[in-house]
Every structure is written in structure tokens, then in C-alpha cells.
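Data block below; observations after.
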Amino acid sequence: MGVGVTIWPFRPRVEEPAEDLRFALAFEEAKRLITGQERGLVELQTRASVLLSAATLITAFLGGAALRDGDQPIGGGGIVAIVLFVVFLMPVGYIYWPRRAMWLFKFSPRQIIGEYIDEANFTIDELRRDLALHFENNYDANQRLIDRMYWAYTIALVLLLAHVLAWLAELGIVGAVIAWISEQIEALRSTR
């Protein structure tokens, strides 16, 4: 478009100087950074789903095996396992807690057109520069939440392991495994 040609909203548009590819590079990197972060969040939530499924199956199978003998009350290991399962649900719930209003991954086209083009009449370089800086700020804000979610995932993983061990203890399998390992160690020592 040449000088004096009017475009919406009826403002003359002046010819812009050639694009500065440095701003294009900064914008593309910022966009790639925030897109990767969004993908990482989805992957974390998928991993939390796998943990939840595993905990549910473990509770069903090992808990069912422990409770198979209806005459015997559940032992200490079973009670600990049930408590650990309930506690395990808390960090997993934290990962899945709805935060749609808190995530900053995208900009509204209406906002870009309204604020950057119609009101401020930014050049393409100014637009890319400003959006790249906003993406970086959004990345930082998102990352604080994601870091806490990774801690919650780590806690859930440890609780799941403890949950499994508690059910195995209830079933007497832990003692049998420890005894077998001790026998193997003694056998190795006696062959030396």
C-alpha cells in the first residue's frame, strides 16, 4: 500500500521501512517457547493421569487381595495404604485443578488488532517486539505454576510408591521379598 491509502479504521497508512529480521527471530523464539511450555503442561497432566490410573489399579488388585479373606480385619499395612491413596489424590487433584483463567498462552486477535494496530498503529517490527516481550512475561508467569505442579507430581509419585509398599506389606510380600534377598546375599557370601 502506498502513502495516502486509507485502511480500516480510515487512517492513512504510511509505507513501513523494511522489516528488521531480528524482531522476527525474537518473536518466533518467544512463540516457540510458549508453545513448548503449553505442550509440557499437557504432558504433565497426561503423566498425572497415568499415575492416577496406576494407583487405582494397584488399590483394586492389591487391596482386593488383602481383603479377600473376609474373616480377618484389615491390618496396619492396609490402613496405611488406604490413607496414602487418599493423600495421593491431593497432589494429583492439584495438577488437575482448573486454572483456565490463569494460563497465559495466547493473545486474542481482537486485542492485537485493537491495541496494537487500531490504537497504537504499531509497525510490524514494533508489534513483533512487543508481543515477544509479552510472551516472555507470560512464560515466566506460567512457569511458576508449572514448577509447583511438577513438585506435586513428584510428591504423588513418592506417595504411589509408598502406597504400593504398604499394600505389599499388608499381603506379607515385602517380608518374603526381603527374606529372599537376604538368602541370595548369604548364598553369594558363602560362595566366595
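At-a-glance table
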read-out: Conditions (1) surrounded by 13 or more Cβ atoms within 10 Å (Cβ to Cβ); (2) assigned to a loop (DSSP other than H, G, I, E, B); number of the one not met by Ile79; value: (2)
read-out: Yes/no for Leu52 being touching a Phe, Trp or Tyr at 6+ places or on another chain (Cβ under 9 Å), in a helix (DSSP H, G or I) and either without any contact (Cβ under 8 Å) to a residue 60 or more places away in the chain or under 19 Å from Trp167 (Cβ atoms) (or both); value: yes
read-out: Where a residue in region 166-192 is under 21 Å from Val83 (Cα atoms) and its partner, wherever it lies, is at pLDDT below 80, with Cβ under 8 Å and at least six apart; value: Leu168/Val174; Leu168/Val177; Ala169/Gly175
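This table checks each residue for (1) within 18 Å of His163 (Cα to Cα); (2) out of contact with any Asp or Glu (no Cβ under 9 Å at 6 or more places or on another chain).
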{"position": "Glu29", "(1), (2)": "no, yes"}
{"position": "Ile34", "(1), (2)": "no, no"}
{"position": "Leu41", "(1), (2)": "no, yes"}
{"position": "Leu62", "(1), (2)": "yes, no"}
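The values are calculated or read from the model by the stated rules, or taken from the named source; none is laboratory data. This is a predicted model, so every value here is computed, not measured. Backbone-built Cβ (ideal geometry, glycine too); neighbour counts: all protein chains shown.
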